[in-house]
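Have a look at the structure below before the remarks.
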Amino acid sequence: MSSSLLFRGGRAFVPGGFAEAVLVRDGVIAAVGAESDLVRLAPDAEPVDLGGGLLTPGFTDAHIHPVQAGLERAKCDLAEVYGLDAYTAKIAAYAAGNPGKEWIDGGGWDMSAFPGGLPHRSQLDFLDRPAYFVQRDHHAAWVNTRALELAGITKDTPDPADGRIERDPDGTPSGVLHEGAMDLVGLLTPRPTPADVDAALMDAQAHLFSLGITGWQDAIVGSYAGSDDQLPTYISAASSGRLKARVVGALWWDRAQGAEQIPSLVERRASAAGLDRFRATSIKIMQDGIPENFTAAVIEPYCRCGGTGLSYIDPALLGGYVKELDALGFQVHFHAIGERAVREALDALTGTDPANRHHIAHVQIITPQDVPRFAELGVTANLQALWATHHLQMDELCIPYLGEERASWQYPFADLVRHGTRFAGGSDWPVSSANPLEAMHVAVNRTEPGGSVHATYPTAQTPFLPEQSLDLRTIMTAYTEGSAWINRSPAGVIEEGRPADLVVLDRDPFALDPKDIWTTEVVMTFLDGEPVHG
């Protein structure tokens with residue numbers, strides 16, 4: 001393409017408003033302003049017709065698992081179907097098509113497709129081989145009897161400290177392994193080769209480019225729940241130039257260890273130093289689980305079943321670890337879903353340096369007392385907005401066990417805005433769709449976007465706590481400038497001197513009825529002024 005591009009024929013999303021046109025020279029945004037002025041400035045620039053659509057900065061996903069997603073897409077991927085019959089049909093077809101595979105494995109099943117959120121080993125016992133399927137949100141695995149036998153898991157097997165073996169009334173393992181218990185079987189499954197992992201990353205990158213995502217923070221770079229360390233793959237892809245996106249890896253904090261692992265994390269960060277497209281400068285600390293399996297850390301016991309969930313890192317030690325990481329210049333990236341975990345993360349971050357750009361992902365439940373602390377401490381709220389709707393998993397597996405008051409504390413986006421909290425946006429793909437425009441739709445409407453597996457659920461179009469909705473500019477800024485800021489990326493904003501990481505949308509979502517935001521699609525994606533999609 002020409003070294004100069006002129007984006008015209010629509011609007012550009014710029015800080016505080018919109019611009020008519022954007023001029024790019026040699027991969028850098030050279031000017032932003034009126035179309036007539038830029039035509040005079042660069043009469044020979046190659047025009048890129050927006051067709052009445054919107055030009056945005058490239059989206060950055062601040063919490064995502066692309067390598068895991070790519071690996072699942074290459075196996076038996078259940079994410080695009082829904083329900084037991086559809087799952088077993090796809091699994092049977094996959095098994096028939098792969099007669100030489102020692103294990104039948106994959107992922108993407110949805111808790112809401114099963115009574116109580118729990119499938120059973122017997123539903124996979126039609127297979128002649130062991131089976132291991134990771135739940136869509138990666139907090140549980142569904143296995144068959146053969147897999148349990150190979151792992152030696154019986155009614156006498158104790159639960160690991162960081163997980164739970166789901167059991168039948170007589171104590172026999174039922175075929176669902178929660179959290180750390182996933183490793184009891186997951187570590188027995190065949191490991192992907194380096195070529196498999198590389199192919200997964202490249203497949204994921206192409207998919208994300210098609211959604212306008214030009215950068216991301218990989219939320220687990222390390223070994224977790226049977227996965228393999230992706231750090232060598234990222235370093236190889238970045239060194240060879242095959243990794244084109246701007247990526248930060250969040251190095252996994254091994255919750256079975258303490259501060260003794262910090263020197264190795266420093267070494268891992270140094271191993272990626274000097275690369276143009278990849279840095280390993282963040283540390284991922286997973287502080288709790290999820291409410292649907294009662295592992296999210298809450299303050300008062302869950303209704304109906306009791307228990308207060310799991311704090312994976314002892315809160316008495318957590319603050320010391322975080323302050324040591326902070327002093328070494330690491331960014332800390334927390335997973336915190338329950339209100340106790342959110343509080344423990346905020347407590348641990350108290351007194352740290354805001355310049356390290358620490359953030360807490362998911363933030364599903366926050367007490368009103370803790371909402372102001374994000375802004376006070378300079379901690380970014382990393383939103384997975386797509387989850388803030390009425391769907392079966394929310395209405396039947398979450399709200400009844402949280403209770404009315406605690407359920408009203410969920411995803412308090414507007415309250416966080418009122419206190420001046422900085423936002424980043426992420427998807428947690430493959431847990432949920434990576435499409436930023438679907439997440440923006442939910443943030444604005446607090447209803448399911450059309451086309452999702454939950455869109456026809458009876459209350460899916462009933463706004464979920466609508467008083468917590470955001471305006472489109474706020475959530476689009478989170479997915480662009482906010483997430484780029486988290487990654488210390490020079491992109492994320494359309495202004496002179498920034499890299500030309502840009503996305504052309506087929507329509508202007510600001511001109512649509514808010515209920516139609518989800519229909520917006522990406523036409524073209526550019527990185528440094530070069531097309532990578534469309």
The FRET efficiency for residue 276 and residue 347, from their Cβ-Cβ distance with R0 = 51 Å and rounded to 0.05, is 0.90
Antiparallel DSSP beta bridges within the chain, percent to nearest 5:
45 percent
Just grab the label-to-label distance for residue 461 and residue 187, each label 7 Å out from Cα along the Cβ direction, in nm (one decimal).
4.9 nm
Förster radius 41 Å - calculated FRET efficiency between residue 355 and residue 496 (Cβ-Cβ, nearest 0.05)
0.95
Calculate the spin-label point distance for residue 126 paired with residue 168, positioning each point 7 Å from the Cα along the beta-carbon direction, and give it in nanometres.
1.9 nm
Subtracting the Cα-Cα distance of residue 473 and residue 44 from 0.36 nm times their residue separation yields 151.2 nm
Within straight-line cross-link reach of residue 90, lysines at Cα separation under 24 Å, skipping those fewer than 8 residues along the same chain:
75, 101
Suppose every K and R has +1 on its Cβ and every D and E has -1 on its Cβ; what is the size of the dipole of the chain about the Cα centre, in Debye to the nearest 20?
500 debye
Total charge dipole magnitude, segment 102-186, about the Cα centre, Cβ charges on Lys, Arg, Asp, Glu only, Debye to nearest 20:
120 debye
Identify, among 364, 320, 107, the residue whose Cα sits farthest towards the positive end of the charge dipole of the chain, taking +1 on the Cβ of Lys and Arg and -1 on the Cβ of Asp and Glu, with the dipole about the Cα centre.
320
By the gyration tensor of its Cα atoms, with a ≥ b ≥ c the square roots of the eigenvalues, what is the shape of segment 102-186: rounded for a/c under 1.5, prolate for a/b over b/c, or oblate?
rounded
Order these peptides, 153-161, 228-236, 292-300, 377-385, by their mean beta-carbon neighbour count within 10 angstrom, highest first.
377-385, 292-300, 228-236, 153-161
Stretch residue 195-residue 223 to full length: gain in nm at 0.36 nm per residue minus the Cα-Cα span?
8.3 nm
How much net charge surrounds residue 26 when only the other residues with a Cβ under 12 Å from the Cβ of residue 26 are counted, with Lys and Arg +1 and Asp and Glu -1?
-1
Net charge near residue 320, counting Lys/Arg +1 and Asp/Glu -1 over other residues with Cβ under 12 Å of its Cβ?
-3
Convex hull per residue volume in Å³, alpha carbons only, for the chain
143 Å³
Segment residue 81-residue 154, extension gain: residue separation times 0.36 nm, minus the distance between their alpha carbons
23.1 nm
If you filter segment 16-115 for GluC sites (Glu not before Pro), then keep DSSP loop positions with at most 11 other Cβ within 10 Å, what is left?
80, 102
Which of the peptides 313-326, 272-285 is most tightly packed, and how do the rest follow, judged by the mean count of other Cβ atoms within 10 Å per residue?
272-285, 313-326
Give me the net charge of residue 384's neighbourhood, meaning all other residues with Cβ under 11 Å from the Cβ of residue 384; Lys, Arg count +1, Asp, Glu -1.
-3
Using amide H atoms built 1.01 Å from N in the peptide plane, name the residues 5+ places from residue 366, or on other chains, whose amide H lies under 5 Å from its own.
411
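No lab work stands behind these numbers, since they all come straight from the coordinates. Keep in mind that this is a model prediction, so the values were computed, not measured. For neighbour counting, all protein chains shown are included, and Cβ atoms are generated from backbone atoms with ideal geometry for every residue, glycine included.
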